[in-house]
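Just below is one structure, and these are the notes that go with it.
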Amino acid sequence: MAQRAIREYDGKAIFSKHWEKYFSGFHYGFKSVMVTSGDELRAKAQEHGFEWLKQEPLVAKPDMLFGKRGKNNLVLFKTAKPGDVTLDDAAKWIDEKMSHDVTLLSGQHGRLTHFIVEPFTPHTQEQEYYISATTVGEDDVLYMSAEGGMEVEENWDKVVEVKIPITMCDADMEHAVRANIPSDIPANNKEAFASFAIQFFKFYRDLNFAYLEINPIVMLANNEMAILDLVARLDDTAGFMMGDAWCDAEYPTAFGMEDQSPEEKAIAEADSKSGASLKLTVLNPMGRIWTMVAGGGASVVYADTIADLSGNVADLANYGEYSGGPTTGETKFYADTVLDLMTRHKDPKGRDKILIIGGAIANFTDVAKTFTGIIQSFETYADRMKEHNTRIYVRRGGPNYEKGLKDIKEAADRLGLYIEVYGPETHVTDIVRMALEK
């Protein structure tokens, strides 16, 4: 599955387009604009159908694929100053925020370019709920909580998780959802929330979302719903059959990543054309430790382990993944890109380069097939790898892993490359310790 993040505005537009079909008994008054300057916002207010921009209190915030905008002081609404936020207030605020780079609490840094502007929705904290859905392994999972808003992560122990196998029929799905509605949702809202949650899940699945989160969804009187914040990723492999159902949603580059290197852009382009997942971020071109990790979760674990055990996060050269059953050719292209980057610069301290080829135990990815692509890349870059005294450490499990490990060991030995190979009997990140201790 190739997951593609979309803007909050586009996610809400998709909801609006399909609302009547999926959310019977509820109303969503979609009023939203996306602009790239204060002047564009003022011009929009002159168009037919957007008179509300001049008539209602407004909320403005960046729409650039990053969260925690409230905690980063990047949401303009009525409590930001005495009185309501007017059209002119919002336009001036947008221009001010665009005038300089910003650094988020996460460390991401860049220039704000896109903003979403909507009417302010008066409500109480008790009316804020959380709901999301995603795919975990072989199941879809629905998450629900009575405590939505900025602190949902701090209160994750109160989020109810409902696993819904892809083979589960609608009747069983509905029963599972109703049986797991959070107990702290007020009694007078439980039936309405249950009905909305069921319809939300059908919408998520039918519209081929890979991830869909509303935080918070506000339940007002007369079943009026307000989507205050939304995060969405689409399963791009379904794009060919969705037509205009996705409302021509854009796939913007993540905030802070606008200045991608040619290699990062090449991998992103390959990812967009594949049913697999190919991701690459170059953290330090001069870094000593390079990775080719299978799996998004494993990539996080390996990055954390390398940063922890090396004692210097700058040693980690890249971050990324190849997963989801890439072809031999796709894996070779990914490996070629990493090995080319790895062998451009000698380590400033004269140390060996380390290549970690890691991953957990694959569910369906043919390890031997992907390793064939890596072996083909070794054959191209062997001389350059030896010039950098590259040491290779491999840990992998899954379908055909024995053959894959045998093939990659024999190929490295034949090419004169240092390699150590381990299967699932070895802890997933032990090879990092082994590499750094040697």
Failed item, numbered, when THR372 is tested on (1) farther than 21 Å from ILE306 by Cα; (2) within 26 Å of the chain's Cα centre (by Cα): (2)
Filter result (acidic (Asp, Glu) and within 28 Å of the chain's Cα centre (by Cα)) within the range 171-209: GLU174, ASP206
Counted residues, the range 361-372 - those being surrounded by 19 or more Cβ atoms within 10 Å (Cβ to Cβ), touching a strand residue (DSSP E or B) at 6+ places or on another chain (Cβ under 9 Å) and either hydrophobic (A, V, I, L, M, F, W, C) or part of a loop (DSSP other than H, G, I, E, B) (or both): 4
Yes/no for LYS279 being open to solvent by less than 30 Å² (accessible area, probe 1.4 Å), modelled with pLDDT of 90 or more and of a type in the set (D, E, K, R): no
Leading residue by the ranking (surrounded by the fewest Cβ atoms within 10 Å (Cβ to Cβ)) among those in the range 172-188 that are part of a helix (DSSP H, G or I) and touching a Phe, Trp or Tyr at 6+ places or on another chain (Cβ under 8 Å): MET173
Residue within the range 393-405 that is out of contact with any His (no Cβ under 8 Å at 6 or more places or on another chain), among the hydroxyl-bearing types (Ser, Thr, Tyr), open to solvent by 20 Å² or more (accessible area, probe 1.4 Å) and part of a helix (DSSP H, G or I) present: yes
Of all residues in the range 149-163 being among the hydrophobic types (A, V, I, L, M, F, W, C) and open to solvent by less than 100 Å² (accessible area, probe 1.4 Å), the one that is nearest to ILE198 (Cα to Cα): VAL162
Conditions (1) open to solvent by less than 30 Å² (accessible area, probe 1.4 Å); (2) closer than 23 Å to ALA210 by Cα: number failed by GLY110: (2)
The range 91-107, residues that are crowded, with 17+ Cβ neighbours inside 10 Å and not in a helix (DSSP H, G or I): VAL102, LEU104
Near pairs, Cβ below 8 angstrom, 6+ apart or cross-chain, from the range 79-90 (open to solvent by 60 Å² or more (accessible area, probe 1.4 Å)) to any residue that is outside any helix (DSSP H, G or I) and modelled with pLDDT of 70 or more: ASP84/PRO57; ASP84/LEU58; ASP84/PHE120; THR86/PRO57; THR86/LEU58
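The rows are residues; the columns are (1) at pLDDT 85 or above; (2) open to solvent by 30 Å² or more (accessible area, probe 1.4 Å); (3) within 24 Å of PHE364 (Cβ to Cβ); (4) not basic (Lys, Arg).
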| position | (1), (2), (3), (4) |
| --- | --- |
| GLY256 | no, yes, no, yes |
| ASP259 | no, yes, no, yes |
| GLU263 | yes, yes, no, yes |
| ILE267 | yes, no, yes, yes |
| ALA270 | yes, no, yes, yes |
| SER274 | no, no, yes, yes |
| LEU283 | yes, yes, no, yes |
| ILE289 | yes, no, no, yes |
| MET292 | yes, no, yes, yes |
Given (1) at pLDDT 95 or above; (2) among the basic types (Lys, Arg); (3) in contact with a helix residue (DSSP H, G or I) (Cβ under 6 Å, 6 or more places away or on another chain), index of the condition ARG4 fails: (1)
Test: residue in the range 121-130 that is buried (at least 18 other Cβ atoms within 10 Å of the Cβ), touching a helix residue (DSSP H, G or I) at 6+ places or on another chain (Cβ under 7 Å) and not in a strand (DSSP E or B): no
Pair list, Cβ < 9 Å and 6+ apart or interchain, from the range 191-212 residues that are of a type in the set (Gly, Ala, Ser) and surrounded by 20 or more Cβ atoms within 10 Å (Cβ to Cβ) to residues that are in a helix (DSSP H, G or I) and modelled with pLDDT of 95 or more: ALA197/VAL177; ALA197/ARG178
Subset tally (residues that are at pLDDT 90 or above and either among the hydrophobic types (A, V, I, L, M, F, W, C) or exposed (fewer than 14 other Cβ atoms within 10 Å of the Cβ) (or both)) for the range 309-324: 3
Top-ranked residue in the range 298-308 [being open to solvent by less than 50 Å² (accessible area, probe 1.4 Å) and not hydroxyl-bearing (Ser, Thr, Tyr); ranked as nearest to GLN3 (Cα to Cα)]: ALA298
Flag if ALA226 is modelled with pLDDT of 90 or more and of a type outside the set (Asp, Glu): yes
Selection count where residues are closer than 16 Å to GLY398 by Cβ and either more than 19 Å from the chain's Cα centre (by Cα) or aliphatic (A, V, I, L, M) (or both), scope the range 284-300: 4
Single match in THR167, THR134 (criterion: among the polar types (S, T, N, Q) and either more than 18 Å from ASN208 (Cβ to Cβ) or open to solvent by less than 50 Å² (accessible area, probe 1.4 Å) (or both)): THR134
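Taking the condition of being aliphatic (A, V, I, L, M) and open to solvent by 20 Å² or more (accessible area, probe 1.4 Å), how many residues in the range 406-438 meet it?
The qualifying residues number 5.
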Residue within the range 16-36 that is in contact with a Cys (Cβ under 8 Å, 6 or more places away or on another chain), at pLDDT 95 or above and not aromatic (Phe, Trp, Tyr) present: yes
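The values are calculated or read from the model by the stated rules, or taken from the named source; none is laboratory data. The model shown is predicted, which means the values in this text are computed figures rather than measured ones. Here the Cβ is made from the backbone with ideal geometry for all residues, glycine too, and neighbour counts use every protein chain on show. Side chains included, ligands, DNA and RNA excluded: accessible areas come from the protein's heavy atoms. Shrake-Rupley method; radii C 1.70, N 1.55, O 1.52, S 1.80 Å.
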